[in-house]
1. Does residue 100 meet the test of being of a type in the set (D, E, K, R) and in contact with a helix residue (DSSP H, G or I) (Cβ under 7 Å, 6 or more places away or on another chain)?
2. Filter the range 46-78 down to the residues that are modelled with pLDDT under 95 and of a type in the set (Val, Ile, Thr), then identify the one that is nearest to the chain's Cα centre (by Cα).
3. State yes or no: is residue 58 within 16 Å of the ligand (Cβ to nearest atom), of a type in the set (Asp, Glu) and under 18 Å from residue 105 (Cβ atoms)?
4. Would you point out the residue of the range 165-214, among those that are in contact with a strand residue (DSSP E or B) (Cβ under 9 Å, 6 or more places away or on another chain) and basic (Lys, Arg), that is modelled with the lowest pLDDT?
5. Of the conditions (1) at pLDDT below 95; (2) within 12 Å of the ligand (Cβ to nearest atom); (3) of a type in the set (Val, Ile, Thr), residue 12 satisfies every one except a single condition; which number is it?
6. Tell me which helices (runs of 4 or more DSSP H) are completely within the range 1-102 and hold 3 or more residues being under 23 Å from residue 123 (Cα atoms), open to solvent by 10 Å² or more (accessible area, probe 1.4 Å) and small (Gly, Ala, Ser), or say none if there are none.
7. Output the qualifying pairs, or none if there are none: Cβ atoms under 6 angstrom, residues six or more apart or on different chains, first residue in the range 9-23 and at negative phi, second residue within 15 Å of the ligand (Cβ to nearest atom) and open to solvent by 70 Å² or more (accessible area, probe 1.4 Å).
8. Could you count how many residues in the range 144-164 are within 14 Å of residue 78 (Cα to Cα) and surrounded by 20 or more Cβ atoms within 10 Å (Cβ to Cβ)?
Amino acid sequence: MGSRILVVEDETDLAELVAFNLRGAGHDVTVAHDGSTALAEIQRCQPDLLVLDVMLPDISGLEICRRLRRNAQTVRLPVIMLTARNDEMDRVVGFEVGADDYVPKPFSPRELVLRVEAILRRTIPSAEVEGPQAIALGDLVIDVPAHRVEVQGKEILLTALEFRLLLDLASRAGRVQSRDALLERVWGYAPDVETRTVDTHVKRLREKLGEGALHIETVRGVGYRALKS
Ligand code: CA
């Protein structure tokens, strides 16, 4: 079954090319050519995933992503950013504002479709998740089916990716997880994603968790480990 995808890109030819390929893969695609239209469309059509160009005529893709992450309704909306080629800055800031993935321009439409499907695959409805219903690391509590995280009773808003990263570590508490293993399980594929990506996301996750971050330990030269207490 197809998903609802909103493509936000002001270059109309590129937007149409992307939309054409995603429709070919069975998805229901809407296109927006600027940031304010995109924000209105997100409210209206509630997409399952956003393909978001960084460079837009009004509001930048980074700012849109930042706004989505501040809102409880859209904090988990998967976002794939389209970035300028080799623009390390866009990539780093993209992850900092909460993008799930990025695709540097120029890209093959086929590659983008594969990235979209990798993200949609790992956004499994919570009812289908097997395993424990709740995991506690001291005062950090993960309600698995509800995708809800609390630290000292206060809810922490995490993106879908941050939630999966925390859940992956927490469900293997006490055991060190290498960056490669995390990339494979949490990101779902590895080809050109650098292991540094894991560090960027753990850093951001820790910032959000506040005191709860004490339950995620860095194991120098290896990776990360969740601590039960
Ligand atoms: Ca653009």
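The values are calculated or read from the model by the stated rules, or taken from the named source; none is laboratory data. Just so it is clear, the model here is predicted, and its values are computed rather than measured. Note: ideal-geometry Cβ built from the backbone for every residue, glycine included; neighbour counts use all protein chains shown. Just the protein is used for accessible areas: all its heavy atoms, side chains included, with ligands, DNA and RNA removed. Shrake-Rupley method; radii C 1.70, N 1.55, O 1.52, S 1.80 Å.
1. Values: of a type in the set (D, E, K, R): yes; in contact with a helix residue (DSSP H, G or I) (Cβ under 7 Å, 6 or more places away or on another chain): yes.
Spelling it out, residue 100 is indeed of a type in the set (D, E, K, R) and in contact with a helix residue (DSSP H, G or I) (Cβ under 7 Å, 6 or more places away or on another chain).
2. 75
3. Working: within 16 Å of the ligand (Cβ to nearest atom): yes; of a type in the set (Asp, Glu): yes; under 18 Å from residue 105 (Cβ atoms): no.
Answer is no for this residue.
4. Across the range 165-214, the extreme among qualifying residues is 185.
5. Result: residue 12 fails condition (1) only.
6. Numbers: elements: 12-24, 35-45, 61-70, 88-96.
Where helices (runs of 4 or more DSSP H) fall fully within the range 1-102, none carries at least 3 residues being under 23 Å from residue 123 (Cα atoms), open to solvent by 10 Å² or more (accessible area, probe 1.4 Å) and small (Gly, Ala, Ser).
7. From residues that are at negative phi, the pairs are 10/33; 10/57.
8. Residues flagged as within 14 Å of residue 78 (Cα to Cα) and surrounded by 20 or more Cβ atoms within 10 Å (Cβ to Cβ) within the range 144-164 amount to 6.
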